[in-house]
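The values are calculated or read from the model by the stated rules, or taken from the named source; none is laboratory data. As the structure is a prediction and not an experimental result, all values here were calculated from the model. Here the Cβ is made from the backbone with ideal geometry for all residues, glycine too, and neighbour counts use every protein chain on show. Ligands, DNA and RNA are excluded from the accessible area calculation, which covers all protein heavy atoms including side chains. Shrake-Rupley method; radii C 1.70, N 1.55, O 1.52, S 1.80 Å.
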Amino acid sequence: MSSGLTQAAQFKDEALLQQRLFEWLSQDHLRLTLLAQVAECAALHPMPQWCIAAGFVRNLVWDRLHGLAPMPLADIDVIYYCPQDVSRQRDRAIEDALRHVAPDLPWSVKNQARMHVKHQDAPYLSCIDAMAHWPEIETAVGIGYSKSGAESSMAAGYRLYAPFGLQSLFALTLTPNPRRAMAVFQQRLADKGWLVRYPLLTLARGE
């Protein structure tokens, strides 16, 4: 598994990291299908700034760097930003629409324009702003998708949401976000079992 560390060390700038991420994504049939399904749903139920985030991207990178088969998605975290309607009913309606298309998948839809209330933060200004408050730096990454007639491939329509960039994710580092309580990070670390499945991970210095 040392090849994972060697591979990660080859990428030294965000452009190369993003290119590799998109390459891996284009080779993952399930994730491509999910992006297409959410894009179709968003055409009927507008979701500004939508992306599929958290484990959808994080686990893809960690699985690849460890040479593992894709880890099943415990949740499909769809986020968007709509301050004009922050009702839970809106999120449920979108989840119902996605379950109608793919009833066996664990959809989770959350409008980030209301999530500051749960965490007692100031109102978030965008999906990127909301993600910048998530418990781990490496979890704060998502992929959106939109296609126009001018685009020749699905990859051309990808949009990356990553307030902290991709370098620590590809470096196999696990970093607590100083904006969140350390106890939250430690509990998630225990619950998720990341260090067991991904033994090449290292905790950020001092943690």
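Restricting attention to segment 44-58, the residues that are in contact with a strand residue (DSSP E or B) (Cβ under 8 Å, 6 or more places away or on another chain) and in a loop (DSSP other than H, G, I, E, B) add up to 5.
Only one residue in Gly144, Gly149, Gly157 is at pLDDT 95 or above and either under 29 Å from Val184 (Cα atoms) or small (Gly, Ala, Ser) (or both). Which one? Outline the logic, then answer.
On the way: Gly149 fails: at pLDDT 95 or above; Gly157 fails: at pLDDT 95 or above.
Sole residue among the options that is at pLDDT 95 or above and either under 29 Å from Val184 (Cα atoms) or small (Gly, Ala, Ser) (or both): Gly144.
Among the residues examined, Asp63 does not qualify as modelled with pLDDT of 95 or more and within 22 Å of Ser126 (Cβ to Cβ).
Candidates are the residues of segment 24-41 that are open to solvent by less than 70 Å² (accessible area, probe 1.4 Å) and not aliphatic (A, V, I, L, M); the one that is nearest to Pro70 (Cα to Cα) is Asp28.
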